[in-house]
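Reading through the structure tokens given below for one structure.
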2 protein chains.
Amino acid sequence: MTGRLYGIGVGPGDPELMTMKAARLIAMIPVLAYPAPDGGASLARAIAAPFIPPGRTELALAIPIRPGPAPAGAYEAAAALLAEPLAAGRDVAVLCEGDPLFYGSFIYLMERLADRFPVTVVPGVNSLSACAAAAQLPLARRDGTLTVLPATLNDDKLRALLNGTGAAAILKVGRHAPRLKALLAAMGVADRGAVLVEHASRGGQRVTPLADWQGEAPYFSAVLIPPADKETAP
Amino acid sequence: MTGRLYGIGVGPGDPELMTMKAARLIAMIPVLAYPAPDGGASLARAIAAPFIPPGRTELALAIPIRPGPAPAGAYEAAAALLAEPLAAGRDVAVLCEGDPLFYGSFIYLMERLADRFPVTVVPGVNSLSACAAAAQLPLARRDGTLTVLPATLNDDKLRALLNGTGAAAILKVGRHAPRLKALLAAMGVADRGAVLVEHASRGGQRVTPLADWQGEAPYFSAVLIPPADKETAP
């Protein structure tokens, strides 16, 4: 009997936005793992901290929080670290900021382990929902569409994806903020009420009209472009 | 002093996927409202039921669960019903299936009431995250994009939106399932491992390869088209 691999979404930052299922499983599962890039603090662990019993086995994984450039072999090494207790029959929970399968590095661990161990994914509140709640703006409405895209794409790709679309959300804004602001202004999209949301649901949460934003933004920020169609009644 | 309007996401169906914040507020706020179309049962209320104290004032709103065709004046009437206790200084929570601002009818109530009353939105786990967890498929990865669109769009619009995009999720599948299946097969997209997920996180949850699906689907179903790019390592 092997253990089961759990990917547990702990939500966007406010520990109270964890689901009850996440809290119950974190209190039960004997081995807890989490991305702790560069040996530093783990955001996912910080969110879950109030629910982690003392004396639990913990595995800090040297992988990025979100999939992206990582040292060669980082995901293989992390998967091998998880495989040890799993092979010995112990359940392992990987704590994931937001939702495990929405731009989460859990995807890369699951793909390396699912052929050998049973997997359960516990969905969490993603960062976009937290941004929308902070800004009190709809993400998508009625028969509209929502395009989610990372700010890391180049201008041509961003323009093609945003051209003529409905609502959009741009993640990983960070240092791309000035370029995004200029691009969206040139496209006339900023006029639709685009906002930049920093640290949604965390300390330091702030919503700023994109037109008023100056300079770079924190990594944990997103730009929301609300649906163009303001029609509401039936 | 007026009351505060809360839009509370109760998640995709499993009551344990409610956030702790939602459970705490539902136990505290004196007036609870929810969409109960056609005077029938309310899904959001059913999800939250284990956390609703006895004797709470409840308002059943005659509006659809998701924004869409509704009797003329339905949202105005619902907003007026909520405005009464709010004007009298009582807080009101609207229970919302999934996330309040992701295709939720709360959007239409908020837009009618936010000029008169303070609003707090509590984000919830949306149905897409529950579908991805059920299917153990990524919604979006790395520098990829995610396009969310309703199956109610016509073939030309669907084709334009899905052509050349990365990952996609199609909501409100229901009776559109056969048309979607044919369209995605003709586009070669179904080969990428598209699945149809019914009743994610509820009783009756089921994941079926789209290529094997026959006939119409339940209203609470979605088609997930995973990211094309299977590359994983850093």
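Descriptive notes on the structure:
- Relative to the globular-protein estimate of 2.2 N^0.38 Å, the Cα radius of gyration of chain A stands at 1.09.
- With all protein chains kept in place, the per residue accessible area of segment B:181-233 amounts to 47 square angstrom at a probe of 1.4 angstrom.
- Interface of A with B. Using a 1.4 Å probe and counting protein heavy atoms only, the two chains hide about 5000 Å² of accessible surface, both sides summed.
- Largest-first ordering by accessible area, 1.4 Å probe, given options B:HIS176, B:HIS199: B:HIS199, B:HIS176
- Counting Lys and Arg as +1 and Asp and Glu as -1 over every other residue whose Cβ lies under 13 Å from the Cβ of B:ILE29, the net charge comes to +3.
- Net charge of the neighbourhood of A:GLU16, taken over other residues with C-beta under 14 Å away and scored Lys/Arg +1, Asp/Glu -1, is +2.
- For B:PRO218, label point 7 Å along C-beta direction: distances to other copies, nm: 4.0
- Taken about its Cα centre, chain A carries a charge dipole of roughly 120 debye when the Cβ of each Lys and Arg holds +1 and the Cβ of each Asp and Glu holds -1.
- Karplus-based coupling profile of segment B:111-119, in residue order and whole Hz: 5, 8, 10, 5, 7, 10, 9, x, 10, with θ = phi - 60° in 6.51 cos²θ - 1.76 cosθ + 1.60 and x standing for Gly or Pro.
- For segment A:113-161 versus segment B:6-27, the spacing of their alpha-carbon centroids is 20 Å.
- Here, segment A:157-234 is characterised by an Rg to Rh ratio of 0.98, where Rg is the alpha-carbon radius of gyration and Rh the Kirkwood radius.
- For the set A:GLU111, A:GLU97, solvent exposure ranked by accessible area (probe 1.4 Å, protein chains only) runs largest to smallest as A:GLU111, A:GLU97.
- Amide H contacts for A:ALA33 (H built 1.01 Å from N in the peptide plane; partners 5 or more residues away or on another chain; cut-off under 5 Å): A:LEU59, A:ALA93, A:VAL94, A:LEU95.
- Subtracting the Cα-Cα distance of B:THR208 and B:THR120 from their residue separation scaled by 0.36 nm leaves 27.9 nm.
- Shielding by partners for peptide A:12-18, expressed as the average number of C-beta atoms from other protein chains within 10 Å of each residue's C-beta, is 4.
- Between 0 and 90 degrees, the angle of helix A:74-87 with respect to the longest Cα principal axis of chain A falls at about 40 degrees.
- Percent of Cα pairs in segment A:2-90 per distance bin of 5 Å, from zero to the largest separation: 3, 13, 24, 24, 21, 11, 3, 0.
- Translational D in µm²/s for segment B:77-188 (Stokes-Einstein at 4 °C, 1.567 mPa s, Kirkwood Rh from C-alpha pairs): 77 µm²/s
- The other copies place their B:ARG192 label points at 2.2 nm from this one, listed shortest first, where each point is 7 Å from Cα along Cα→Cβ.
- In segment B:1-54, the convex hull through the Cα atoms has an average projected area of 4.4 nm², a quarter of its surface area.
- Solvent-accessible surface of segment A:1-86, averaged per residue with a 1.4 angstrom probe and all protein chains in place: 39 square angstrom.
- Rolling a 1.4 Å probe over the protein heavy atoms leaves A:VAL92 with an accessible area of roughly 0 Å².
- Taking B:GLU76, B:GLU16, B:GLU198 and ordering them by how much accessible surface each has at a 1.4 Å probe, largest first, produces B:GLU76, B:GLU16, B:GLU198.
- For A:ARG206, inter-copy separations between label points set 7 Å beyond Cα along the Cβ vector come to 5.2 nm, shortest first.
- Rg over Rh for the protein assembly as shown works out to 0.95, using Cα positions for both radii and the Kirkwood form for Rh.
- Accessible surface of the protein assembly as shown [probe 1.4 Å, protein heavy atoms]: carbon and sulfur percent: 55 percent
The values are calculated or read from the model by the stated rules, or taken from the named source; none is laboratory data. All values reported here derive from a predicted model rather than from experimental measurement. Ideal geometry is used to build each Cβ from the backbone, glycine not excepted, and the neighbour counts take in all protein chains shown. Heavy atoms of the whole protein, side chains included, go into the accessibility calculation; ligands, DNA and RNA do not. Shrake-Rupley method; radii C 1.70, N 1.55, O 1.52, S 1.80 Å.
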